Amino acid sequence: MNFRLMLSILAAKTAIVLCRLMHTGGTSFPGKIALKIYPDLLKAIAVNFKIIAVTGTNGKTTTTRVIGQVLKENNIIYISNKSGANLLNGIATSLIEAVNIMGKSKVSTALLEIDEAAFSKVTEHFEPDVIVVTNFFRDQLDRYGEVYTTLNNVIKGISKAPGSTLVLNADDSLCASIGRKVNNRVIYYGFSPDSWNNENYTVNNDALFCIFCKTRYNYENHIYGHLGSFSCPECGYGRPASAITCLEVTELTSSYTRIKLDIDGYTSDAKINLPGIYNIYNCLAGAACGFALGLPVENSLKALSSFECGFGRMESIITEGKTIKVILVKNPTGFSQVLDYLLSENNPMQLAFLINDNAADGRDISWLWDVDFEKLGKINDKIITAFVSGIRGADMAVRLKYAGFDTNKIIMTDNYNQLLDRALASTPEGSTVYILPTYTAMLEIRSILKRKFNLTEFWE
């Protein structure tokens, strides 16, 4: 009997209860306590679980939730770090909640979102059964460094998990390259070359040149950023064949998407209960994970149509015939994709940009100048007002001005409650208030929305 293990779990569980009573979440601190008492805690309790790990720059939370829905459709009970606490301490907290004082659990599956910067440290403690990697984009340069640093960190983590099945984005030249550098079983997902071609794709600043020989890539088609059917004319490295493939985008609306999907030769029409091209990737990754686990294709298709967004990721609140949608923004590519989604909106809309530069957001906000805000000019007549707030709200206002946005529509405010009240008061029935916050601003506005509209806690 390992008394140190028992003590660490007991201390952490006590901390969880106290934190929840104080409405502070208790998502990371309890795990920190437990690991301080017993550093080998995760190694001791992770053996009780089949572990699915999700990492990458964009789409981790949504992809994790899609996989969760796939598991539900297969009647698989699982635990997950739904709060988004995806560093080592948060992961420890999530696993501790699921075990008894002896470190045993009645639940056999753990679905874990893991921060890409922490990934190599996490795999020192356990080897996931499946590792899903979404993509690699420039993100929070002051925290992650340049994109190749992040890629190499993930590869380092995978090298400690040789038995893991990898689920990789075939359209991302950086992500797909992992399959050539390790000996793991690999399953690829992506778009077929003729399924979608974005003629006005966001400029590729992250992976212009071949990762192996530094020759500039050729592209048969672009999805967005550096994603697409790439090939190197010098060394021959190119997009690998995908087992899970979007064959055609048949309908793209502001609330859902329809695609023709191929899963290892099984072709079917699929409705995705999410808007936006970028969310197709998240759903392809979810379906690919189901395939990696050997789950029935029909259940994966059902999961895509029944999936509901998590907090801050297209989360919707309806009040008095008006909709509030909260969409996290954190880097140039992701933000530009959100703007593309807004272009599909047919009704008048309110926009609220909440920009912070706390440590969790990234101190360096120069990335705002790489976001294609100029495209808002295409829907200027539909935008009622653009509220700007947060620590760096003034910087956001300047960026909009230089993008040619109508400055008469820009309203600056430091008070989120007043922002919500003013936005809702001037929003016509049937229209939407889109709130686009960075991470810490999302937590702040979500707390206000919870009180106003009696929402569930973000960790639930």
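Quick notes on this one:
- For segment 369-401 and segment 44-95, distance of Cα centres in Å: 34
- Cα-based reach from K72 at 19 Å (exclusive), listing aspartates and glutamates while leaving out same-chain residues under 8 positions away: E113, D129, E298, E308, E460
- The amide H of Y188, built 1.01 Å from its N in the peptide plane, has L168, A243, I244 as neighbours under 5 Å, considering only residues 5 or more places off or on other chains.
- Segment 384-390 - phi-based ³J(HN,Hα) in whole Hz, Karplus 6.51/-1.76/1.60, Gly and Pro as x: 6, 8, 10, 7, 10, 7, x
- Principal axis extents of the Cα atoms in segment 98-201, from largest to smallest and rounded to whole angstrom, are 57, 33, 26.
- Convex hull volume of the C-alpha atoms in the chain, normalised per residue: 136 Å³.
- Where labels lie 7 Å past Cα in the beta-carbon direction, separation of K181 and F209 in nm: 1.6
- Peptide packing: for 70-79, 388-397, 373-382, the average count of neighbouring Cβ atoms within 10 Å per residue gives the ranking 388-397, 70-79, 373-382, highest mean first.
- Rounded to whole numbers, the Karplus 3J(HN,Hα) couplings from phi for segment 280-289 are 4, 4, 4, 6, 4, 4, x, 5, 5, 5 Hz, using 6.51 cos²θ - 1.76 cosθ + 1.60 with θ = phi - 60°, and x at Gly and Pro.
- Long-range amide H partners of F353 with built H, under 5 Å: F387, V388, S389, L436
- Vicinal HN-Hα couplings computed from phi for segment 436-452 (Karplus, 6.51 cos²θ - 1.76 cosθ + 1.60; Hz; Gly/Pro x): 10, x, 6, 4, 5, 5, 4, 5, 5, 5, 5, 4, 5, 4, 4, 5, 5
- Charging the Cβ of each Asp and Glu at -1 and of each Lys and Arg at +1, and nothing else, the dipole of the chain about its Cα centre rounds to 1360 debye.
- For D372, residues with placed amide H under 5 Å, excluding near neighbours: S336
- Label sites at K271 and D194, each approximated as a point 7 angstrom past Cα along Cα to Cβ, lie 2.8 nm apart.
- The tail of the calculated P(r) for segment 313-453, taken as Cα-Cα distances beyond 19 Å, holds 46 percent of the pairs.
- A Förster distance of 60 Å, applied to the separation of the beta-carbon atoms of V47 and N380, puts the FRET efficiency at 0.60.
Values quoted throughout were computed directly from the atomic coordinates according to the rules given, and no laboratory measurement underlies them. Just so we're clear, the structure is a prediction, and the values are computed from it rather than from any experiment. Positions of Cβ are backbone-derived with ideal geometry, glycine not excepted, and every protein chain shown enters the neighbour counts.
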